[in-house]
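**Q** Quick one: the structure is below, questions incoming.
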Amino acid sequence: MPANFEELVRTHAADLFRYAFWLARDSQQAEDVVQEALLRGWRAFPRLRETAAARAWLFSIVRNEFHRARGTAAPAAESLDGLELADERSELIGLELRDALLALPAAYAEPLALQVLGGFSCGEIARMIGVTEGATMTRLTRARQMLKRLVEPRARKGAKP
């Protein structure tokens, strides 16, 4: 685990920008959000008690900064449009699945993005978005069910009899 803030930033900067870009859908705004979030993180870093939680802590700061800058309390992002996924993850998500993700409501897309893009557990996601772990698990399950319903008809059309 990173011993200092600079190392923490080096380790997670790309993922933080990717998440901010998903929220903002604008690279300039994403850069501004990440920069402000890192400034807030740097100021609060001496008070961070659990270094193992630093990654989730930074993602939460980015999320909070995005909503603070927009003056919103609820998730505003509704799609993964324009998102450049990390190489290892982009192999797992095809174009049809990406299109289906675009159709999900924000309440389901955001927890799924945190799980897929951030690799966070249900408990971590629950703390980040301010709902119970049970509600997070329900949202993730429903998001997967919605994706399945959206992708299966397309897969059947492309299947040979």
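**Q** Summing Lys, Arg as +1 and Asp, Glu as -1, what charge do residues with Cβ under 10 Å from the Cβ of residue 120 carry, residue 120 excluded?
**A** Combined, the nearby Lys, Arg, Asp and Glu give +1.
**Q** A further question follows. Given points 7 Å out from each Cα along the Cα-Cβ axis, report the residue 137 to residue 49 separation in nanometres with one decimal.
**A** Between residue 137 and residue 49, the simple spin-label model gives 2.5 nm.
**Q** Going by how many other beta carbons lie within 10 Å of each one, how would you line up 152, 110, fewest first?
**A** 152, 110
**Q** At a temperature of 10 °C and a viscosity of 1.306 mPa s, determine how fast segment 1-77 diffuses translationally according to Stokes-Einstein, using the Kirkwood radius over alpha-carbon pairs as Rh; express D in µm²/s, rounded to the nearest whole number.
**A** D = 128 µm²/s.
**Q** Also, quick follow-up: Could you work out the relative contact order of segment 1-77, using alpha carbon pairs under 8 angstrom and six or more residues apart, expressed as a whole percent?
**A** 37
Every number in this text was worked out from the coordinates using simple rules, so none of it is lab data. Remember, it's a predicted structure, so these values are computed and weren't measured experimentally. Glycine also receives a Cβ, built like all others from the backbone with ideal geometry; neighbour counts cover every protein chain displayed.
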